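J.: Input: one structure, supplied below.
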Amino acid sequence: MRADDPDSPMRIAAFEQVRRLSETHDHLTAHDLKPGFIFDGKRIPLVNPQRGIFKPQQMRYLLSIRTVFPKPGARVWYDDQREVHRQIYEGEETVDYAFMGRDPDAADNRWLREAFEQQVPIIYFLGMAPGLYQAALPAFIAGWEAGGLKARVAFGLPDQAVPAPPENPLERRYALRSVQQRLHQGSFREAVIAAYRGRCALSGLPEPLLLDAAHIVRDKDERLGQPIVPNGIPLSKIHHAAFDAHLIGIDPDYQLHVSERLLARRDGPMLEALKRLEGKTIYLPSRVRDRPDRDRLAHRFEQYKSAA
């Protein structure tokens, strides 16, 4: 923390509480965040439940920002709610954070500007699925654009004794990789299954506990394998296994293809259910931006055809 930051003791207490929560939780919920933290015998909130930008009355500068991941079917108020995932996975060194409203001089947006000018470390509660968050700290407001109605957020090194903005590209890349790993581990399955309202994209099975989030292009592919919703499809265990074994293919028009190997077999109702998928189309999310990326499907479909 900066030596001249009057909020340093309280900010340290907030950071320590969030780190404790993150050590014992794969993700954080509103219930986890509600108790806040204790400072000088008083309870201080970590977030404002109604707003995405929060500065406690006792602090001079901003403490936290929050990106809410929208519920299925709910109105999306800010483009950065899902755009930030794309920016992180594609390796951008900073990510967008939309202003509250359209007035750059509104109090919430002034807090962002002051955090940018003073370079104070903050907590970024990054929405990973509806109601679930990953805490990225320290984070820093790295830019403030009145005309664009947005700020830019950079991630700091997670293990610094004294949080400071990354000083060079190497540090920025290292900090970003840490956020990528935690977001991937915690969010990909939740985000994909939520986008499809908890149903298998092939069978319609409506039980999330029986679903996997299958990658269209495997994550070892650095160009197309990012763990983002358009690279994922929710599949039941049996459908996931068939998809990974190239026994079922999905073409860029979302049509299903069943391999000749399966079509030629006669062996019970489960196999017959798989064979009946031939020529059908997959269930799609209602939001167009969540639908499987056609380029990724084309890439994967070529692998299916090659395996035939």
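The values are calculated or read from the model by the stated rules, or taken from the named source; none is laboratory data. Just so you know, these numbers come straight off a predicted model, no measurement behind them. Protein only, heavy atoms only, side chains kept; ligands, DNA and RNA dropped before computing areas. Shrake-Rupley method; radii C 1.70, N 1.55, O 1.52, S 1.80 Å.
J.: Who wins for biggest fluctuation among MET100, MET270, MET128 in a Gaussian network model of the chain, springs between alpha carbons below 10 Å?
T.: MET270
J.: Another question, if that's okay. For segment 151-308, rounded, prolate or oblate, judged on the Cα gyration tensor with a ≥ b ≥ c (square roots of eigenvalues), a/c < 1.5 rounded, else prolate if a/b > b/c?
T.: Verdict is prolate for segment 151-308.
J.: Considering only protein heavy atoms, with the full assembly of protein chains and a 1.4 angstrom probe, order VAL162, VAL258 by accessible area, largest first.
T.: Largest to smallest exposure gives the sequence VAL162, VAL258.
J.: Which value, in Å², gives the accessible area per residue of segment 137-288 when a 1.4 Å probe is used on the protein heavy atoms?
T.: Spelled out: the 1.4 Å probe surface of segment 137-288, per residue, equals 49 Å².
J.: Ordering THR29, THR281 by accessible area with a probe of 1.4 Å, largest first, what comes out? Before the final figure, lay out the partial values.
T.: Values: THR29 35, THR281 90 Å².
Sorted by accessible area, descending: THR281, THR29.
J.: Related question: How much accessible surface does HIS31 have with a 1.4 Å probe, in Å² rounded to 10?
T.: Accessible surface of HIS31 is approximately 150 Å².
J.: Ordering SER306, SER203 from largest to smallest accessible area (1.4 angstrom probe), what's the sequence?
T.: Descending accessible area places them as SER306, SER203.
J.: Given H placed 1.01 Å from N in the peptide plane, which residues other than close sequence neighbours of ALA129 have an amide H under 5 Å from its amide H?
T.: PHE69
J.: Hey, another quick one. Above 19 Å lies some portion of the pair distances; for segment 6-70, what is it as a whole percent of all C-alpha pairs? Intermediate values should be presented prior to the final figure.
T.: On the way: 580 of 2080 pairs.
Tail of the P(r) past 19 Å holds 28 percent of the pairs.
J.: Run the reach check for LYS280 against lysines, Cα to Cα strictly under 26 Å, same-chain hits fewer than 8 apart removed. What comes back?
T.: Straight-line reach from LYS280, under 26 Å: LYS237, LYS305.
J.: How large is the Kirkwood hydrodynamic radius of segment 165-212, in angstrom, based on all distinct alpha carbon pairs? Mind showing how you got there, number by number?
T.: Values: mean 1/r = 0.0784 Å⁻¹.
For segment 165-212, the Kirkwood estimate is 12.8 Å.
J.: Quick one: Debye curve from the C-alpha atoms of the chain, no solvent, what's log10 I(q)/I(0) at q = 0.14 Å⁻¹?
T.: -1.02
J.: For the chain, return all DSSP H helices satisfying: extent of Cα atoms along own axis at least 30 Å; mean Kyte-Doolittle hydropathy at least -1.0. Write out the running numbers ahead of the final one.
T.: Working: long enough: 169-195 (34 Å, -0.51).
Going by DSSP H runs, the hits are 169-195.
J.: Something else: Convex hull volume of the Cα atoms in segment 21-170, per residue, in Å³? Walk me through the numbers before you get to the answer.
T.: On the way: hull volume 20.2 nm³, N = 150.
Spread over its residues, the Cα hull of segment 21-170 gives 134 Å³ apiece.
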